[in-house]
Amino acid sequence: AQGEGDAFADLIAPQSVDDFFATIWQRQPRVFSLSARADAEDARAEHTLPDLRPRPLADQTWADCCDMLALAWGGAPTRPPEGCELLVFKDMQPSRDCDEGGPCAALLNGASCVVNHAEFVWAPLSRLCTQLRRRLLHVYANCYVTPPDSQAVAPHADDRDVFVLQVCGRKHWRVFGSPVQLPYTHEQVGKNGRPVPEEVLEKKPLLECVLQPGDVLYMPRGFVHEAFCSNDASSWHATLAVATHDWSWTKLAGSAVATAMDGEASARWRAAVPLPCGLPNSTQVDVATALGGQLEELFGVLRQAVSPAAMREALLAKIAVHNASQDRAIVSFEEVYSGPPCQDEGESVGDEYSHWRSCAIRLETRVRKATKEEKAADAEAQANASAATLRRSKSKSKGRGKGKRGSSGLMIREEMASVGIAVLAELERRAGEGLVVGELARAASGVEGSSLFDDL
């Protein structure tokens, strides 16, 4: 079964878990490729060794990708849990241009979609993050979906260790050095106005690769990196993040010491330090006299507080908070969300499930131009649902799925304008017969920009 075994071992195979933590963890980036895994499986077969298990994420499709994006956008009957948000980036900058059209329109327009805490709304990632706790304590998933010839964000470094799992398509990665060793959140370069030093990007990358489905790239926190799609492939990858900045030696020891000092019955360590320590005219002798023997007593407290038991207790308490919060978000969404409604032939979808009109489309779905009567009926339904839609949109936080029904026309990147025109012309020509979605690419074959029109 998918949930059995060691999910982390499956994630980094053929690398062994012991070797990974002894030589790679928090030291250097590394790629665990599916091709290398296949070679290892062949070697095992020759020596009648047990088969390697597959990657610990069930196969995903581009249809799954669109559904995941729709849920993060706010398409389900319940809003995404707090912390799960859909962000759109165009030309490596945040964009609000596709708030009305949603993630699919954003992708057509050449923008990338990022879903923070995708595990809150996408069950396969929920299971994977939970399974990885056995080795990594707490893991969350951010998803990145990028169309051809695009890059979501500029080069930057993160405050967390990450395992980049390529889900669909392919993506080109460059990993550079670490200008700040094991940075904390406020030290991340390439973010919040803190630039990446030029000399870092001028050097040859430490690692450069193209990730294919099933490949995994591990990066310790602090290593500068960038990723982009070529002009003939889209990409969906999940960044499995381990927030190591939050349980560094510094933070855990500080937490253990603070707990011990504040927990003393006399409350003596809660008192202010002697004021002469901060007076402008105080000398070192004045400060030493004011502190007296209290520093030696404090050192004794420190030696007792930073014990194996205290450090473990501090770490367990921190991880428990993270995991409990994650579990609540996942369960709260699962309890309300039940997926698209089953429909009999000709049965209409209620307004509360109108999001599935778009995200339930598959490659085998047949589409056609709407008739005048259907357009009129849609307009009437839109008018009847506008009040409820307005209430839903007001209840959602900034940056989430907006639930708006208005249309500003078909948004499509300039390089694919000819493709869009060709497809619409073919739909016009087919009239009531329509066109199977999987045939759209053939309808635009040979048209300028058709190389950007892939399975996604």
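Note on region 177-273: Kirkwood radius taken over Cα pairs, Stokes-Einstein applied at 25 °C and 0.890 mPa s, translational D equal to 141 µm² s⁻¹.
With the charge dipole of region 197-277 set up from +1 on Lys and Arg Cβ and -1 on Asp and Glu Cβ about the Cα centre, the Cα lying farthest toward the positive end among the listed residues Phe223, Cys209, Trp249 is that of Trp249. Model label points for Asp286 and Trp249, set 7 angstrom from Cα along the Cα-to-Cβ axis, are 3.6 nm apart. Sparse packing (at most 14 other Cβ atoms within 10 Å of the Cβ) combined with a DSSP loop state is found for the following GluC sites (Glu not before Pro) in region 57-149: Glu82.
Heavy-atom accessible surface of Glu448, to the nearest 10 Å², is about 140 Å², with a 1.4 Å probe and all protein chains retained. Loop-located chymotrypsin sites (Phe, Trp or Tyr not before Pro) in region 161-268 (DSSP state not H, G, I, E or B) with no more than 15 neighbouring Cβ atoms inside 10 Å: Tyr184.
Could you sort Phe89, Phe299 by accessible area so the largest value comes first, with the probe set to 1.4 Å?
Phe299, Phe89
Structure note, pairs Lys90/Lys375; Lys90/Lys369; Lys171/Lys203; Lys90/Lys372; Lys204/Lys318; Lys203/Lys318: Cα-Cα distances above 27 angstrom occur for Lys90/Lys375; Lys90/Lys369; Lys90/Lys372; Lys204/Lys318; Lys203/Lys318.
Around the Cα centre of region 122-207, unit charges on the Cβ atoms of Lys, Arg, Asp and Glu (plus for the first two, minus for the last two) sum to a dipole of about 500 debye. Subtracting the Cα-Cα distance of Asp18 and Leu201 from their residue separation scaled by 0.36 nm leaves 62.6 nm. Within the full protein context, the accessible area of Glu198 is estimated at about 130 Å² for a probe radius of 1.4 Å.
The values are calculated or read from the model by the stated rules, or taken from the named source; none is laboratory data. Not measured: the values here are computed from a predicted model. Glycine gets a Cβ as well: all are built from the backbone with ideal geometry, and neighbour counts include every protein chain shown. Surface areas here come from the heavy atoms of the whole protein model, side chains and all, with no ligands, DNA or RNA. Shrake-Rupley method; radii C 1.70, N 1.55, O 1.52, S 1.80 Å.
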